[in-house]
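Data first, discussion second: the structure below is written as structure tokens.
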Amino acid sequence: MKRLNLSWVLFLLIACSSPKSDPSNCPVADIRAGLENPKSLKLSDEIESVDYVPLEVTSDDASLIDGVANYAVTDKYIYVLPVKEQRIVLFDRQGHFIKTLIPFGQGPGEFSGFVASMQADEKNDRLYLFSTDRVEVYTLDGEPVQHFTHDYQIIFQYKLGQGHLAAVSMPYVPFQNGSFGIGLFTEKGDTITMKNDFSSPLVSNDKSGLTVRIAAGYSGRQQSVLFKTGSNDTVFRLSDDKISPACVLSLRNSDEEMINSLDVTNFNSLKNFGNGKDYFVSDLFETPRRYYFRLRNNDGHYVASVDKKTGEALVEKCEQPASLKELAATTLQHGLLGTRSYQGFPVWGNMTGNDLVQVITSAELDYYKNIQSILIPEQLKNLGEESNPVFIFYKLKDS
């Protein structure tokens, strides 16, 4: 296929209710009922063990990390993009500081520009930095290997098993003006397939696109990307060569929320996050047993889990001791806006292999220390104000 700006490839997905779809592979979850009757999630059933890894602070100022904007993990290393510094910092899996691996700049081996996402491929010795319009490829030791640009603008991208790229487009670009929604591409930028039909009769086609009501997460076990937009109840999976439904969340949101999720000329979606009755998915990940979703509106956060086999939905209200603006000053990961179903400590993160990886900062912990419903683990109680962030690795059971 030709590049995106030369040819449209419209991929009409089958709804889960279609007789051609296997319902066992596409559970339908009544999230609205769960919101009306909050309970504790069952994440504790899936966790086998926990490893706490504080990132080391040494006499070298380069070891200081103000927060974690993005990261990648292998069996040996932790790669960190700080919040306020444009560089990639290398630690080992025990948290020992090694060095600034990739500095910011225009010189050989350096990187400049916004990092939308990053990925470590241990098997092939590659580290990927995805910018809005290009990809920089390094070895895991930081040696530059490849640089390529593409014609589409992305906010999230990951490399899949066959070398294909799963991408989510930049918000607030109308689909008719060249935005692709979600798509699969080759490294050369050729289109494999894409999806633009997040449509609604409430919004005209010329105004339809993705707003900030979106969530995407990489699933390392399945080498795929999960995606959810507020204008559609379906959660989609982007695999090597297809986009297909993963599950359906029955949110039953209002027409106003549908418009905020789809109308790219309506910038209320940047400041108005629901009227207390509407919810959108702001983050998601999956384990071998369940899908997990973080739900948001103006009143705060809930987390939900959906059983992959039965569609059973459980919803839990998060403890949020400060505004998101305040929490963003401590970590962009919002690691403690999660479920307290494991030993009373809020858990949320991203899947890397068999591990659920959570990032927290000492400043974030300070917000929660006086909340009786939050139990701080002993390993985290003595973090000082100048401490680096802590990586928590939750090893999950296979099934």
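The values are calculated or read from the model by the stated rules, or taken from the named source; none is laboratory data. Worth saying up front: this structure is predicted, and the values here are computed from it rather than measured. Please note: Cβ atoms are built from the backbone with ideal geometry, for glycine as well, and neighbour counts cover all protein chains shown. Just the protein is used for accessible areas: all its heavy atoms, side chains included, with ligands, DNA and RNA removed. Shrake-Rupley method; radii C 1.70, N 1.55, O 1.52, S 1.80 Å.
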Worksheet item: Taking the range 88-124, which residues are at pLDDT 95 or above, among the charged types (D, E, K, R) and under 26 Å from Ala216 (Cβ atoms)?
Response: Arg93
Discussion item. Quick test of your reading of the structure: Ser59 fulfils all but one of (1) surrounded by 15 or more Cβ atoms within 10 Å (Cβ to Cβ); (2) of a type in the set (Gly, Ala, Ser); (3) closer than 19 Å to Asn388 by Cβ. Name the failing condition by number.
Written reply: (1)
Fill in: Count - residues of the range 372-399 that are closer than 15 Å to Gly338 by Cβ and more than 22 Å from the chain's Cα centre (by Cα)
6
Item to complete: Please find, among Ser200, Ser254, Ser179, Ser204, the residue that is modelled with pLDDT under 95 and crowded, with 17+ Cβ neighbours inside 10 Å.
Response: Ser179
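Only one residue in Lys308, Lys277 is within 16 Å of Leu41 (Cβ to Cβ) and open to solvent by 10 Å² or more (accessible area, probe 1.4 Å). Which one?
Working: Lys277 fails: within 16 Å of Leu41 (Cβ to Cβ).
When all the criteria are applied, what remains is Lys308.
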Discussion item. Considering only residues that are surrounded by fewer than 16 Cβ atoms within 10 Å (Cβ to Cβ) and in a loop (DSSP other than H, G, I, E, B), which ones fall in the range 104-121?
Written reply: Gly105, Gln106, Gly107, Pro108, Gly109, Glu110, Ser112, Gly113, Phe114
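Just one of Lys84, Lys76 is under 23 Å from the mean Cα position of the chain (by Cα), over 14 Å from Gln358 (Cα atoms), of a type in the set (D, E, K, R) and modelled with pLDDT of 95 or more; which is it?
Criteria check complete, one pass: Lys76.
Determine, yes or no, whether Pro288 is assigned to a loop (DSSP other than H, G, I, E, B), more than 18 Å from the chain's Cα centre (by Cα) and in contact (Cβ under 8 Å) with a residue 40 or more places away in the chain. I'd like the intermediate steps shown before the answer.
Values: assigned to a loop (DSSP other than H, G, I, E, B): yes; more than 18 Å from the chain's Cα centre (by Cα): no; in contact (Cβ under 8 Å) with a residue 40 or more places away in the chain: yes.
Taking the combined requirement at face value, the residue does not satisfy it.
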Discussion item. Where the second residue is modelled with pLDDT under 95 and the first is polar (S, T, N, Q) and lies in the range 79-92, which pairs have Cβ atoms under 7 Å and are six or more apart or on separate chains?
Written reply: Gln86/Phe104
Discussion item. Pairs needed: first member in the range 378-397, surrounded by fewer than 19 Cβ atoms within 10 Å (Cβ to Cβ); second member anywhere, part of a strand (DSSP E or B); C-beta distance under 6 Å; at least 6 residues apart or different chains.
Written reply: Gln379/Tyr52; Lys395/Glu48; Lys395/Ser49; Lys395/Asp355; Lys397/Glu48
Discussion item. Just to be sure I understand, how many residues within the range 357-377 are open to solvent by 30 Å² or more (accessible area, probe 1.4 Å) and either in contact with a His (Cβ under 6 Å, 6 or more places away or on another chain) or under 24 Å from Phe97 (Cβ atoms) (or both)?
Written reply: 2
Worksheet item: Out of (1) in contact with a Lys or Arg (Cβ under 9 Å, 6 or more places away or on another chain); (2) open to solvent by less than 20 Å² (accessible area, probe 1.4 Å); (3) under 27 Å from Glu122 (Cα atoms), the odd one out for Tyr292 is which?
Response: (1)
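With respect to Val137, is the statement that it is within 30 Å of Thr100 (Cβ to Cβ), in a strand (DSSP E or B), open to solvent by 10 Å² or more (accessible area, probe 1.4 Å) and touching a Phe, Trp or Tyr at 6+ places or on another chain (Cβ under 7 Å) true?
It is false that Val137 is within 30 Å of Thr100 (Cβ to Cβ), in a strand (DSSP E or B), open to solvent by 10 Å² or more (accessible area, probe 1.4 Å) and touching a Phe, Trp or Tyr at 6+ places or on another chain (Cβ under 7 Å).
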